[in-house]
1. Would a scan of the range 45-53 turn up a residue that is among the small types (G, A, S), within 28 Å of P172 (Cβ to Cβ) and either open to solvent by less than 40 Å² (accessible area, probe 1.4 Å) or touching a residue at least 12 places away in the same chain (Cβ under 8 Å) (or both)?
2. Here's a check for you: in the range 100-120, which residue that is open to solvent by 40 Å² or more (accessible area, probe 1.4 Å) and among the hydrophobic types (A, V, I, L, M, F, W, C) is nearest to L90 (Cα to Cα)?
3. In this structure, does V167 turn out to be modelled with pLDDT of 95 or more, over 13 Å from the mean Cα position of the chain (by Cα) and in a strand (DSSP E or B)?
4. When the residues of the range 129-151 are filtered to those that are in contact with a Lys or Arg (Cβ under 9 Å, 6 or more places away or on another chain) and not in a strand (DSSP E or B), which remaining residue is surrounded by the most Cβ atoms within 10 Å (Cβ to Cβ)?
5. Sort through F66, F97 and tell me the only one that's open to solvent by 30 Å² or more (accessible area, probe 1.4 Å), modelled with pLDDT under 90 and either part of a strand (DSSP E or B) or acidic (D, E) (or both).
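The values are calculated or read from the model by the stated rules, or taken from the named source; none is laboratory data. Remember, it's a predicted structure, so these values are computed and weren't measured experimentally. Backbone-built Cβ (ideal geometry, glycine too); neighbour counts: all protein chains shown. Please note that ligands, DNA and RNA were not included when accessible areas were found on the heavy atoms of the full protein model with its side chains. Shrake-Rupley method; radii C 1.70, N 1.55, O 1.52, S 1.80 Å.
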Amino acid sequence: SGATFAPRNARVGGDSRDTGSRKGLGKHSIGDVSFVACGVACTVIVSFDEVWQTGCLRTQAHTNHFRFLEELEGCAYKQVACGSMHALALSNSGHVFSWGQGSMLGHGDEVERDMPELILGLVGHKITSISCGDFNSIAVTDDGDVFYWGQCDWNQRGVSSPSARIVMMPTPLY
């Protein structure tokens, strides 16, 4: 499963004494890292409120350097999460985006997405926290509600449901 941490004043590359510069070219470059998530196939970071990824998900070619996710441009981000073959990004406004293997993305289908896409089933809820397991995901709202989606072969939802092995849309846990 993916592991996450949010280091204080972490940097990717460069001299630790250099507190204000970004590494790379142009507008989009990596600097102060505020959040990191590591999955089986990729690493995703938040740097200057932007989202960057390295490695690969099933739908993407392998990369050996961090790539700025232009599809997420225009919003500030505070958290990312990674599963085995999928990733999530949480914007400061509480919107969740997912990409990777389809059955655990929360879009109601099994279509793989190589670019981040807004999870419409969470729109209208202010999401404050996200987490991924290998093949499932969870989002928590500012009201303390918890939404689950993805595989549930081993009763990860905590609710006995022998007929539902995959929950395709964010579903409240009660």
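1. Narrowing the range 45-53 to residues among the small types (G, A, S): 47.
Remaining after also requiring within 28 Å of P172 (Cβ to Cβ): none.
Checked the range 45-53: no residue is among the small types (G, A, S), within 28 Å of P172 (Cβ to Cβ) and either open to solvent by less than 40 Å² (accessible area, probe 1.4 Å) or touching a residue at least 12 places away in the same chain (Cβ under 8 Å) (or both).
2. In this case the residue turns out to be L118.
3. Values: modelled with pLDDT of 95 or more: no; over 13 Å from the mean Cα position of the chain (by Cα): yes; in a strand (DSSP E or B): yes.
So V167 does not fit the description; no.
4. Among them, the one singled out is D142.
5. Values: F97 fails: modelled with pLDDT under 90.
Within the list F66, F97, the selection yields F66.
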